[in-house]
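J.: Got a structure here, written out as C-alpha cells. Questions coming.
The values are calculated or read from the model by the stated rules, or taken from the named source; none is laboratory data. Keep in mind that this is a model prediction, so the values were computed, not measured. So basically every Cβ, Gly included, is an ideal-geometry build from the backbone, and we count neighbours across all protein chains shown.
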Amino acid sequence: MHIVCLCAMVRWGDHWMMSRVRALFMPPPIKLPRMHSAASSWISIPPMSAISLSPNVRGWARRTINQRRLSEAEMTIQHVRNIRRAVQAVVLILFLVLLLKTEFAGTFSADALRDYRLAYPVKIFLQFDPLASFMTAVSTLTIFSGLLFSLIIIVLTIFFGRFFCGWVCPMGTINQLCSTFKSERRSRRGMNLVKSNQYHWYQKIKYYILIFFIGSAVLGLMIAGIFDPISLLIRSLGLVVLPILSGLLDFVADFSFDNNFPGNAILGFVSGWIQENVLVTHSVVSYNTIFSLGLFFLLILAANRWFTRFWCRGLCPLGAFLGLISRWSIFGMEKYESECDHCNKCLKYCQGADGPEAGVPWRKSECHVCLNCQAVCDRGAIKFKFFPKSEERIEPKPNITRRKVLASAALGVGAVALFKAQPASAKPNDKLIRPPGSTQEDLFMARCIRCGECMKVCPTNAIHPTLLEAGWEGLWSPILIMRIGYCEPSCTLCGQVCPTGAIRELTLEEKVGSREVPANVIGTAFVDRGRCLPWAMATPCVVCEEWCPTSPKAIYTEKITVRNRKGEMVEVQRPYVDPELCTGCGACEYACPVADKAAIRVTPVGESRSRENRIILENARGSSRT
Ligand code: SF4
Ligand code: SF4
Ligand code: SF4
C-alpha cells in the first residue's frame with residue numbers, strides 16, 4: 001500500500017513539479033510568425049537588409065540564428081541548467097516523502113514491549129544543514145557527530161559558491177515557485193521583473209540576522225533554528241500544512257455524508273485512504289500554537305508576491321552563512337561587457353539579484369549559481385568558470401558595515417542576557433515537560449533547533465511547540481501536553497529523529513527501565529484531591545489506576561467507605577501516586593474523566609535530566625535516588 005502510494009506521489013509530484021519548474025525557469029516560448037515553411041530554416045532566411053521584415057520577424061530570426069550558433073560550452077550550460085531543474089525537483093520530492101515518513105506506522109502493544117525503529121533516514125536534510133551544525137557547535141562548544149554531513153555542503157560551497165540555494169534547498173525551490181505566481185501576472189513582466197531582480201538594500205538584512213543569531217549562540221541559546229530554512233520548512237509543513245490537509249479531507253468526507261451527496265461513499269473511502277496512507281497514519285493530529293506557526297510561514301510565502309524570493313534574498317540566515325563562505329569559491333562569473341547589448345534578459349531570470357548585468361559588479365555572496373543568466377544570454381556576455389578572470393568586476397564580500405555587524409552581535413548577546421536575567425527562567429517551570437531523553441534544560445536550549453521532527457513523529461500527538469511556556473527564548477521548542485496525548489512506554493521515536501541530540505536516542509531498556517538501568521523519568525503525577533472524584537465527590541473512579549502502564553503500577557488505591565450527601569455509604573478507591581515508580585508518562589492525566597483540568601496532573605518534578613528539579617520529601621524519588 002505504501003509503495004503504491006509512494007510511487008503515485010512521486011509520479012504526480014514529479015509531473016506537477018516539472019511543469020511548475022518549466023514554467024518557472026524556461027524563457028517564454030518564442031511565438032513564430034506565420035510564414036512560408038521554407039523560412040522556418042535559418043539557412044533559408046535571406047539577409048536582413050535584402051527584405052523588409054517586421055521587427056517581430058527580425059527579432060525571431062536573430063534569436064534563431066544565435067541559438068544555432070551556440071557553442072559546445074553553451075550547450076553544456078543549457079544541459080547543466082536542465083540538470084539543476086531536475087535536481088531541485090528530485091530534492092523537493094525526496095524532502096516531502098521523508099517528511100511524510102516521519103511517523104509511526106504500526107501499533108504499540110502493552111503486553112510485548114518492542115523497540116520500534118524508523119525505516120527511513122528522516123532527519124537527513126537537517127544533518128546536511130550547515131547552519132544547524134555551525135550554530136550548535138557555537139552554542140554547545142561541541143560538534144555533534146550526526147551533523148557532520150553538513151561539512152559536505154560547506155566544502156562544495158567553497159568550490160561552487162552558494163549553489164545550495166539554487167540547486168538543493170527545498171525552501172528556496174518553494175519560494176521560487178511562489179514568486180512565479182506573481183511573475184506570471186502582467187505587473188511582474190518586462191521592466192518590473194527586471195527591477196525586482198536588481199540588487200536591493202534589504203539583501204543585507206540576512207547577514208545582520210545571522211550575526212544576531214551567532215551572538216545569541218555564543219551565550220548558549222539556539223534561536224537560529226526558528227529561522228533556519230530546513231527546520232522552518234519541516235516545522236511548517238509537518239505541523240501546519242499536513243494537519244490542515246488532513247482536517248480538510250475529514251471535513252469534506254463528513255460534509256458529503258451528512259448531506260448525502262452522490263458518491264459520498266467513494267469520497268469517504270478516498271479521503272480516509274489518503275489520510276491513513278499518505279498524510280498521517282496514526283490519527284488526525286493537530287498542534288498547539290498552530291496559528292503562530294502558520295502565520296509565520298504564510299507571511300514568508302506571501303512576501304514573494306511583492307519581492308521575488310524575498311526570504312532567500314533578504315532574511316535567510318543559512319543563505320547568509322553560505323554567502324559568507326562563498327567569497328572563497330573558485331567557481332564564478334566572467335562578464336564580457338563589450339558583448340552585452342543591455343537586453344536585460346539575464347536580470348529577468350536571475351534568482352539571486354546579484355548583478356549579472358553589465359555595468360555593475362557581480363555580487364558573489366548573493367548568487368545562487370542557478371546559471372540562468374548564462375543560459376539566456378544569446379550574446380555570450382556571461383560565462384561561469386573556475387577561477388574567473390574579471391576580478392575587478394566581482395564583489396566577493398557582502399555589502400555590510402562593521403558597525404552594524406557589531407551592533408547585531410551585541411543585540412544577540414544582550415537579548416540572551418535579558419532572557420536569562422528574568423527570575424522566572426531560573427525556577428523550574430511546571431509546564432515544561434520535555435520529551436523523554438531530553439538533555440538538561442540549558443543544554444537543551446543550546447541544541448534544539450525547533451525543527452518539529454519530534455512533534456511530527458510522536459504517535460500519540462503528545463509533543464507540541466511552546467508559545468511562551470518556556471519564555472521567549474524557548475519559542476516553538478517541544479513540550480508534552482498530557483491532556484492531548486501521553487508518552488507511550490515503549491516508544492523512543494522522538495529521540496530517533498532529533499537531529500541535534502537535544503533529545504538523546506534512548507534504548508528500550510533506558511526508556512522503561514530494568515533491574516540494572518533506571519527508567520527514564522519525564523515528571524511525576526500529582527492527584528488533585530479537590531477535583532478527584534473518589535476524594536472530592538464520594539464517586540467511584542479508578543481510571544487513572546487502570547491506565548497507569550508501569551509494572552508494578554505507580555498508582556495504587558486505598559479502599560474506603562464514605563457517606564455521600566444522601567447519607568448512603570459508598571465504597572470508593574482513593575488514588576495515590578508512588579513517586580518511586582511514576583515515570584510521568586501522563587497516561588493517567590490523559591485518561592482522567594474530569595473534563596478540562598484533569599484531577600491528576602503531571603509536572604516535570606523528578607525528571608531524570610535535572611538534578612535540581614526534585615521532590616524534597618523523605619522516601620520520594622528526589623531524595624532517595626540522587
Ligand atoms: S537563501 Fe535560504 S531558503 Fe533560500 S535557497 Fe538559500 S538556504 Fe534556501
Ligand atoms: S513523547 Fe513518548 S510517545 Fe511521543 S515520541 Fe516521544 S517517546 Fe514516543
Ligand atoms: S528537540 Fe525536537 S524540535 Fe528540537 S531539535 Fe530535536 S527534534 Fe527538533
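J.: With the checklist (1) assigned to a helix (DSSP H, G or I); (2) more than 23 Å from the chain's Cα centre (by Cα); (3) among the aromatic types (Phe, Trp, Tyr); (4) within 16 Å of ligand 1 (Cβ to nearest atom) in hand, flag the one item Tyr199 doesn't pass.
T.: The failed condition is (1).
J.: Please go through the range 293-309 and give me each residue that is more than 10 Å from ligand 1 (Cβ to nearest atom) and in a helix (DSSP H, G or I), ordered by number.
T.: If the condition is that a residue be more than 10 Å from ligand 1 (Cβ to nearest atom) and in a helix (DSSP H, G or I), then Leu293, Gly294, Leu295, Phe296, Phe297, Leu298, Leu299, Leu301, Ala302, Ala303 are the ones that fit.
J.: Pairs needed: first member in the range 504-523, in contact (Cβ under 8 Å) with a residue 24 or more places away in the chain and within 16 Å of ligand 3 (Cβ to nearest atom); second member anywhere, polar (S, T, N, Q) and not in a loop (DSSP other than H, G, I, E, B); C-beta distance under 8 Å; at least 6 residues apart or different chains.
T.: From residues that are in contact (Cβ under 8 Å) with a residue 24 or more places away in the chain and within 16 Å of ligand 3 (Cβ to nearest atom), the pairs are Arg504/Ser438; Glu505/Gln496; Ile522/Ser438.
J.: A follow-up question, please. How about the range 446-460: which of its residues are farther than 13 Å from Arg434 by Cβ, within 9 Å of ligand 3 (Cβ to nearest atom) and touching a Cys at 6+ places or on another chain (Cβ under 9 Å)?
T.: Correct list: Cys451, Glu453, Val457.
J.: Just to be sure before I move on: is Phe160 within 28 Å of Leu506 (Cα to Cα) and either out of contact with any Cys (no Cβ under 9 Å at 6 or more places or on another chain) or within 16 Å of ligand 2 (Cβ to nearest atom) (or both) in the structure I sent?
T.: no
J.: Of a type in the set (A, V, I, L, M) and not in a helix (DSSP H, G or I), is that true of Val285?
T.: yes
J.: Given the criterion away from ligand 1 (no atom under 16 Å from the Cβ), in contact (Cβ under 8 Å) with a residue 12 or more places away in the chain and out of contact with any helix residue (DSSP H, G or I) (no Cβ under 9 Å at 6 or more places or on another chain), identify the matching residue among Leu475, Leu480, Leu432, Leu443.
T.: Leu480
J.: Now for a separate question. Filtering the range 220-249 down to residues that are surrounded by fewer than 20 Cβ atoms within 10 Å (Cβ to Cβ) and in contact with a Phe, Trp or Tyr (Cβ under 9 Å, 6 or more places away or on another chain), which residue is nearest to Gly474 (Cα to Cα)?
T.: Ile226
J.: Find the residue count for the range 571-596, including only residues that are at pLDDT below 95 and under 18 Å from Arg531 (Cβ atoms).
T.: Residues that pass the stated criteria total 2.
J.: Looking at the range 98-105, can you tell me whether even one residue there is closer than 24 Å to Ser231 by Cβ, modelled with pLDDT under 90 and of a type in the set (S, T, N, Q)?
T.: Among the residues of the range 98-105, not one is closer than 24 Å to Ser231 by Cβ, modelled with pLDDT under 90 and of a type in the set (S, T, N, Q), which makes the answer no.
J.: Kindly indicate whether any position in the range 355-362 is away from ligand 2 (no atom under 16 Å from the Cβ) and part of a strand (DSSP E or B).
T.: yes
J.: Considering the range 468-498 alone, what residues qualify as being within 29 Å of Ala421 (Cα to Cα) and more than 12 Å from ligand 2 (Cβ to nearest atom)?
T.: Passing the criteria: Leu468, Glu469, Ala470, Gly471, Trp472, Glu473, Gly474, Leu475, Trp476, Ser477.
J.: Separate question: Please work out which residue is farthest from the chain's Cα centre (by Cα), limiting yourself to the range 403-441 and to residues that are part of a helix (DSSP H, G or I), of a type in the set (D, E, K, R) and at pLDDT 90 or above.
T.: Once the filter is applied, the top-ranked residue is Arg403.
J.: Right, something else. When the range 127-137 is examined, which residues are found to be surrounded by 19 or more Cβ atoms within 10 Å (Cβ to Cβ) and assigned to a helix (DSSP H, G or I)?
T.: Within the range 127-137, Gln127, Pro130, Leu131, Ala132, Ser133, Phe134, Met135, Thr136 qualify.
J.: Something else about it: Residues in the range 252-275: is at least one part of a helix (DSSP H, G or I) and under 30 Å from Thr136 (Cα atoms)?
T.: No, that holds for no residue.
J.: Can you name the condition, by its number, that Arg117 falls short on among (1) surrounded by 13 or more Cβ atoms within 10 Å (Cβ to Cβ); (2) touching a residue at least 60 places away in the same chain (Cβ under 8 Å)?
T.: Unmet condition: (1).
J.: Also, I was wondering about something else. Does Ile158 fit the bill of being closer than 29 Å to Thr439 by Cβ and either within 16 Å of ligand 3 (Cβ to nearest atom) or modelled with pLDDT of 80 or more (or both)?
T.: It is false that Ile158 is closer than 29 Å to Thr439 by Cβ and either within 16 Å of ligand 3 (Cβ to nearest atom) or modelled with pLDDT of 80 or more (or both).
J.: In this structure, is Thr289 in contact with an Asp or Glu (Cβ under 6 Å, 6 or more places away or on another chain), at pLDDT below 95, buried (at least 16 other Cβ atoms within 10 Å of the Cβ) and hydroxyl-bearing (Ser, Thr, Tyr)?
T.: No.
J.: Moving on. Residues Gly359, Gly319: which one is assigned by TED's automatic domain parsing to the domain that holds Trp201 and under 27 Å from the mean Cα position of the chain (by Cα)?
T.: Of Gly359, Gly319, the one residue that is assigned by TED's automatic domain parsing to the domain that holds Trp201 and under 27 Å from the mean Cα position of the chain (by Cα) is Gly319.
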